[in-house]
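Data block below; observations after.
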Amino acid sequence: MKLLYEKPKAEDYVSLRLRSGMGNKDLERSTKAIENSLFTVSLYDEEKLIGFGRIVGDGGITYVVSDIMVDENYRRKGFADQIMKEINNYFEENTFEDSYICLIANYPADLLYHKYQFEYLPESKCGMLRRQNKIK
């Protein structure tokens, strides 16, 4: 296994999305998304991308953890935890007390994120997603 702080090829990213159960994404939009990431962690078994995570945002105030995924054939081996450790290190070295750091988790992945200082929103706040109806 090798862990790299490099952006994977969009084809590898889309393939991993499918192998991890995250679903398909358009290749052109995936290329743009990866290029615009602030920080990426890629795990490879030989030349095969088997784990990935990234941070998106403005690099000053707002940061979003995105696309934490591991190939279904490599799960339960600590790879998601390894990815999150690297993301956590990035936050420790590059953010401030008033930085806004968020993510949207699928259950049971919330259990992983609790280990890295992510908490559920307090009652005075709520998380929201914008409903997208328009398809380009």
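The values are calculated or read from the model by the stated rules, or taken from the named source; none is laboratory data. This is a predicted model, so every value here is computed, not measured. Backbone-built Cβ (ideal geometry, glycine too); neighbour counts: all protein chains shown.
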Q. Restricting the first residue to the stretch 1-23 and requiring it to be aromatic (Phe, Trp, Tyr), which pairs with a second residue that is outside any helix (DSSP H, G or I) and at pLDDT 95 or above meet a Cβ separation below 7 Å and a spacing of at least six or different chains?
A. Tyr5/Thr40; Tyr5/Val41; Tyr13/Phe52
Q: Filter the stretch 86-136 down to residues that are over 20 Å from Gly57 (Cβ atoms) and basic (Lys, Arg) and give me whichever is modelled with the lowest pLDDT.
A: Lys136
Q. (1) out of contact with any Phe, Trp or Tyr (no Cβ under 6 Å at 6 or more places or on another chain); (2) at pLDDT below 95: which one isn't true of Ser20, the others all being true?
A. (2)
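For every residue, the table says whether it meets (1) part of a strand (DSSP E or B); (2) closer than 20 Å to Leu129 by Cα.
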site	(1), (2)
Ile55	yes, yes
Met69	yes, no
Lys85	no, no
Asn88	no, no
Q | Residue pairs meeting the criteria (Cβ under 8 Å; at least 6 apart or on separate chains; first closer than 14 Å to Ser15 by Cα, in the stretch 37-48; second basic (Lys, Arg) and assigned to a strand (DSSP E or B)) | A | Leu43/Lys2; Tyr44/Lys2
Q) Could you list, in sequence order, the residues of the stretch 31-53 that are assigned to a strand (DSSP E or B), β-branched (Val, Ile, Thr) and more than 10 Å from the chain's Cα centre (by Cα)? A) Ile50
**Q.** So Arg75, is it free of Cβ contacts under 8 Å to residues at least 12 places away in the same chain, over 12 Å from the mean Cα position of the chain (by Cα) and surrounded by 14 or more Cβ atoms within 10 Å (Cβ to Cβ)
**A.** yes
